[in-house]
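Report on one structure; see the data block that follows.
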Amino acid sequence: MSASTATRIRVEPLTCALGAELIGVNLSDASRDEGLFAEINALLLKHKVLFLRDQTMSRAEHVAFARRFGELEDHPVAGSDPENPGLVRIYKSPEAPNDRYENSWHTDATWREKPPMGCVLRCVECPPVGGDTMWANMALAYENLPANVKTQIAGLRARHSIECTFGAAMPIEKRLALKALYPDAEHPVVRTHPQTGEKVLFVNGFTTHFTNFHTPDNVRVGQDFTQGTSGLLQYLISQAMIPEYQVRWRWKPNTVAIWDNRCTQHYAVMDYPPCHRKMERAGIMGDTPF
């Protein structure tokens, strides 16, 4: 890496938990500059989510930059740009008021056997006020769990479902067809980040239940199972809601967010009146959580 490459990015951390704004860098350049991309990738591993203003790149440049991290994936429900496979268009409009909900803490596509390793999201158009997005550091959430909870969840596994989330509003035939294409995935409740080695609390809004909780160690009678498993799962999912683990970002057109999907959750704040909010996201294929 050249000295000029190493010094042209100014890094402004946004909270003590995660998030940094990068100033003085163009992602279109990073799609072609190996040294610049390597520096951005290192900053992503450190800060978990990066933000950049004034990125006037084309859709092709957006895709080219995201592909530096790995191959891109299409989404089975959200529409992609036909000329740029893997670039998912998340468009909200005042004409479709019932298509606005997405305000749930989640990690993208954990219903896949191999969830995305990360995403590159660009704002095309947004409300003048409102429509922020929040991220939470789930490695920090795991680190701060009480010791007895860490002991209890060590070795636990859980199911993640597209059927009961994206499929919930579909007619039953379409919902079952969606599940047939994407059967529920099973992941460890605590995963290990493959690059940093951090332990990460890996349950979210797509998680439906534990798959190996009902053992003699945990269950004496049925009440232990029905109450114990649901209460523990909701407690773990709720950790993303703790403000000390979060960063909140206010969008403007041509702003880009890059996040590590392996160790974060995010939440699109639906606090604005019906209007246009157009976001374009490239999701990068990941590996099997362990």
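The values are calculated or read from the model by the stated rules, or taken from the named source; none is laboratory data. Just so you know, these numbers come straight off a predicted model, no measurement behind them. All Cβ positions, glycine included, derive from the backbone under ideal geometry; neighbour counts span all protein chains shown.
Among the conditions (1) in a helix (DSSP H, G or I); (2) of a type in the set (A, V, I, L, M, F, W, C); (3) exposed (fewer than 13 other Cβ atoms within 10 Å of the Cβ); (4) at pLDDT 95 or above, Ala6 misses just one, which is (4). Counting only residues that are β-branched (Val, Ile, Thr) and closer than 15 Å to Ile284 by Cα, which one in the range 108-127 is surrounded by the fewest Cβ atoms within 10 Å (Cβ to Cβ)? Step by step, filter the range 108-127, then rank; the result is Val120. Within the range 239-273, the set of residues being loosely packed, with under 14 Cβ neighbours inside 10 Å and farther than 18 Å from Leu18 by Cβ comprises Lys252, Asp271, Pro273. Checking Arg89, Arg100 one by one, the residue that is basic (Lys, Arg), modelled with pLDDT under 95 and in contact with an Asp or Glu (Cβ under 6 Å, 6 or more places away or on another chain) is Arg89 and no other. The residues of the range 17-36 that are buried (at least 18 other Cβ atoms within 10 Å of the Cβ) and assigned to a loop (DSSP other than H, G, I, E, B), listed by number, are Ala17, Leu18, Gly19, Val25, Ser31, Asp33. Anything in the range 128-153 that is crowded, with 17+ Cβ neighbours inside 10 Å and out of contact with any strand residue (DSSP E or B) (no Cβ under 8 Å at 6 or more places or on another chain)? List them, or say none. Passing the criteria: Leu140, Gln152. Selection within the range 274-290: residues that are part of a loop (DSSP other than H, G, I, E, B) and either in contact with a helix residue (DSSP H, G or I) (Cβ under 9 Å, 6 or more places away or on another chain) or of a type in the set (A, V, I, L, M, F, W, C) (or both). The member of this set that is surrounded by the fewest Cβ atoms within 10 Å (Cβ to Cβ) is Phe290.
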